[in-house]
1. Can you list the trypsin sites (Lys or Arg not before Pro) in the stretch 1-41 that are in a DSSP coil and have 13 or fewer other beta carbons within 10 angstrom?
2. Each label point is 7 Å from the Cα along the Cα-to-Cβ direction; what then is the distance between the points at GLN8 and ARG27, in nm?
3. According to a simple spin-label model (label point 7 Å from Cα along Cα-to-Cβ), what is the distance in nm between TYR44 and HIS65?
4. Hey, got a sec? Which GluC sites (Glu not before Pro) in the stretch 28-65 land in a DSSP loop and have at most 16 other Cβ atoms within 10 Å?
5. Classify the stretch 3-100 from the C-alpha gyration tensor, please: rounded if a/c falls under 1.5, else prolate or oblate depending on whether a/b exceeds b/c.
6. Multiplying the sequence separation of GLU73 and SER17 by 0.36 nm and subtracting their Cα-Cα distance, what value in nm do you get?
Amino acid sequence: MGISKKYQLGEVLGKGSFGEVRKCFNRFTGEEFAMKIVPKENVYSHQILIDLMEQELDVLSKTDHPHIVRVIEMLEDDVNYYIVSEIIKGGELYDHIIKHKMFSEK
């Protein structure tokens, strides 16, 4: 099943060096998620990037912890990788760090 048949893309939540993160909705359940869209050309430029991405996704897909974003599923087409994860509200972590200067470990 194609990505657009299962998910409706929404607003851009953030952009990084590998791609962008967009809000998305499951067309069948209405659930809201975050979808990281990574162009394959960005990853294939260096073997180490492929290895790191595969390792990170392997760990995240096996992790179930209330303080770690849960990966729902990983998809791909000829052009992109799509990583669907739970959506975290509240803005960018970087912005909170700059604003508050320090966080406790609790």
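1. Qualifying residues, ordered by number: ARG27.
2. 1.0
3. Placing both labels 7 Å beyond Cα along the Cβ direction yields 3.4 nm.
4. Values: sites: GLU31, GLU32, GLU41, GLU54, GLU56; in loops: GLU31.
Those that pass, being in a loop and sparsely packed, are GLU31.
5. It is rounded, given that a/c, with a ≥ b ≥ c, falls under 1.5.
6. Details: separation 56, 0.36 × 56 = 20.16 nm, distance 2.16 nm.
Additional length available on full extension: 18.0 nm.
No lab work stands behind these numbers, since they all come straight from the coordinates. Not measured: the values here are computed from a predicted model. Here Cβ is always computed from backbone atoms with ideal geometry, including for glycine, and neighbour counts include all displayed protein chains.
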